[in-house]
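Remarks on the structure that follows.
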Amino acid sequence: MRGVYIVANNKVKENAIALLSSLRLYDPDIPVYLIPFNDDHQAVSQQLAEMYQVQLFPDLDLLASLTQTIGEIFPRDFLALPNKMRKLAAWFGPLDEFLYIDTDILFFTPVSETLSYLDQADFIWCDYHYKRGLEDVFSEVVLERGIFNPETLQDVFNSGLWGSRKSALSMKQLADLLKDCAAHREYFDFSSGTTDQPIMNYLVLKAIPRRLNIAKANPHEPGSWGGSPHFEQRGPVLFDGDRPLRYLHWAGTPMRSGGPYRELWTHYRYRNDPAGKAAAKPEPTESASLQTLKRQIKNGWRSRFK
């Protein structure tokens, strides 16, 4: 069975609703499970279940055990937000093959199309993080000590969107690799406040050799980062030139009024929730001068890459 996992609590409810709105528009029947970030999840769990048939992760005892294990392995000051590691439960949930998706993402294509790449690999992702080198993943120590070779490090990835299968990682492998991570803080780049991304990269690069970056497999794969100012909206979809985006990931870019692609986010958030839209506080609009300045910056940025 193929499907989707998300991690959420009530704090990210609005983003989770927007994400599910986009998923259901393009893939209405795919199973989706919510892994609670913490105990404060009842409101988001209920609303996503009612609106989009999202199911609560069925093995909460396993989730509690995994959270306890992570807390016992890592020193308190090692992980900025330890509960972000709950996404690791995806390897031990009900789905045989799955895509994990952060809630600061919108999808513009059927998720099943992305999941189909698991026919070719045991771990998939779709981003251009490798062009940034080791930033927000590893320190140079991993090269200096030969922990990974340069070719393997070309497979670094953003941990907000990835897919795998249950058989790709065992609980024992996971525990052993997490202990390796806890013993070698010097391997990782946590300078930007990341938590799960460096650890996940270590796990995958060590334990799962059959990997595939969709962005490399497809020579014309569009971008996906919400901080890229050149995407153009056509209807409910963003385009990178003449290529429709697979998905948009804000990934550290502000998701607020006046932020990038906010109107598109608003469209998906309230697409199936007119009552919520009527009750929402109006967002402040930008001044004409600010809009003009942003267009000038955008056009100048694009001219550099023509």
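The values are calculated or read from the model by the stated rules, or taken from the named source; none is laboratory data. Remember, it's a predicted structure, so these values are computed and weren't measured experimentally. Counting neighbours? That spans all protein chains shown, and the Cβs are built from the backbone with ideal geometry, glycine included.
What to note about this one:
- Taken as a whole, the condition of being under 30 Å from H184 (Cα atoms) and out of contact with any Asp or Glu (no Cβ under 8 Å at 6 or more places or on another chain) does not apply to P58.
- Residue in segment 179-192 that is within 24 Å of L19 (Cα to Cα) and either touching a strand residue (DSSP E or B) at 6+ places or on another chain (Cβ under 9 Å) or of a type outside the set (S, T, Y) (or both) present: no
- Among the residues examined, T152 qualifies as hydroxyl-bearing (S, T, Y) and touching a helix residue (DSSP H, G or I) at 6+ places or on another chain (Cβ under 6 Å).
- Filtered residue count, segment 223-268, keeping only those that are farther than 26 Å from M51 by Cβ and outside any strand (DSSP E or B): 10
- Selection status of D61, on the phi < 0 side of the Ramachandran plot, in a loop (DSSP other than H, G, I, E, B) and without any contact (Cβ under 8 Å) to a residue 40 or more places away in the chain: no
- Selection count, segment 130-144, where residues are assigned to a helix (DSSP H, G or I) and either touching a Pro at 6+ places or on another chain (Cβ under 7 Å) or surrounded by fewer than 22 Cβ atoms within 10 Å (Cβ to Cβ) (or both): 6
- Every residue from segment 229-258 that is small (G, A, S) and in contact (Cβ under 8 Å) with a residue 24 or more places away in the chain: A251, G252, S257, G258
- Any pair with Cβ under 8 angstrom, 6 or more apart, that starts in segment 18-38 at a residue that is over 15 Å from A8 (Cα atoms) and ends at one that is in a strand (DSSP E or B) and of a type in the set (A, V, I, L, M): S22/L106; L23/V4; L23/V32; L23/I101; I30/V4; P31/V4
- Counting only residues that are surrounded by 14 or more Cβ atoms within 10 Å (Cβ to Cβ) and farther than 25 Å from Y270 by Cβ, segment 36-58 holds 1 of them.
- The set of residues in segment 145-168 that are in a loop (DSSP other than H, G, I, E, B), touching a strand residue (DSSP E or B) at 6+ places or on another chain (Cβ under 9 Å) and of a type outside the set (F, W, Y) comprises I147, V156, N158, S159, G160.
- Within segment 154-204, considering residues that are of a type in the set (D, E) and without any contact (Cβ under 8 Å) to a residue 40 or more places away in the chain, the one surrounded by the fewest Cβ atoms within 10 Å (Cβ to Cβ): D176
- Among the residues of segment 243-262, the one identified as charged (D, E, K, R) and modelled with pLDDT under 95 is R256.
- Residue-level analysis places P219 among those that are loosely packed, with under 15 Cβ neighbours inside 10 Å, out of contact with any Pro (no Cβ under 6 Å at 6 or more places or on another chain), over 18 Å from I105 (Cβ atoms) and not charged (D, E, K, R).
- Among (1) touching a Leu at 6+ places or on another chain (Cβ under 6 Å); (2) modelled with pLDDT under 95; (3) not basic (K, R), the one test that S167 misses: (1)
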